[in-house]
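The values are calculated or read from the model by the stated rules, or taken from the named source; none is laboratory data. As the structure is a computational prediction, the values presented were derived from the model and not from experiment. All Cβ positions, even for glycine, are placed from backbone atoms using ideal geometry, and neighbour counts span all protein chains on display. Surface accessibility is based on the protein's heavy atoms, side chains included, excluding ligands, DNA and RNA. Shrake-Rupley method; radii C 1.70, N 1.55, O 1.52, S 1.80 Å.
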Amino acid sequence: MGADDVEDACDVAAARFRALDVPAARLNLALLNALHHRWAGAVRPDTSMFTLLFTRPGETGYAFSERVEVQWETEGRVRLALVRDVPHRGLERPGGRVTVAGDFTRPENALPALEALLLQLATPDEA
């Protein structure tokens, strides 16, 4: 997946949220806009309803080894999580999606909290 594919994914995610006039979509669009310059080549955004998903380029929000999730829960609460897809380790120790790190924050604090999780996923462009 090239840089154009990542840029297209960002445009698609932004357009989806721009078309919806609800608090979750407005927050996600604000986060995408704030992150775009620094993180554009380092992470690939996707959407799942009102959830914003970030993966490394070459992966998607649905087929990933690691992803960061942003989900609006209530007026004053946003859930953030770093999730890994852990391989199966036999019948007695199945794998699957595991939340490695996560927390809740207020919407106005979501950007720095999100960037802290994105730093575990990728290295931002320092342009």
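Farther than 20 Å from Thr123 by Cβ and aliphatic (A, V, I, L, M): is that true of Ala30 in this structure? Spell out how you get there, then give the answer.
On the way: farther than 20 Å from Thr123 by Cβ: yes; aliphatic (A, V, I, L, M): yes.
Judged against the criteria, Ala30 is a match.
Residues that are open to solvent by 30 Å² or more (accessible area, probe 1.4 Å) and not β-branched (Val, Ile, Thr): find the strands (runs of 3 or more DSSP E) completely inside the stretch 1-115 holding 3 or more of those. Give the steps one after another, and end with the answer.
Numbers: elements: 44-48, 51-55, 66-74, 77-86, 96-105.
Passing ranges, in order: 66-74, 77-86, 96-105.
From Gly41, Gly61, Gly102, which residue is of a type in the set (Gly, Ala, Ser) and closer than 14 Å to Ala13 by Cβ?
Details: Gly41 fails: closer than 14 Å to Ala13 by Cβ; Gly102 fails: closer than 14 Å to Ala13 by Cβ.
None of the others qualify; the one that does is Gly61.
Name the pairs: first residue in the stretch 13-29 and in contact (Cβ under 8 Å) with a residue 24 or more places away in the chain, second residue surrounded by 14 or more Cβ atoms within 10 Å (Cβ to Cβ) and of a type in the set (S, T, N, Q), Cβ to Cβ under 6 Å, at least 6 apart or on different chains?
These pairs meet every condition: Ala13/Thr47; Arg16/Thr47; Phe17/Asn28.
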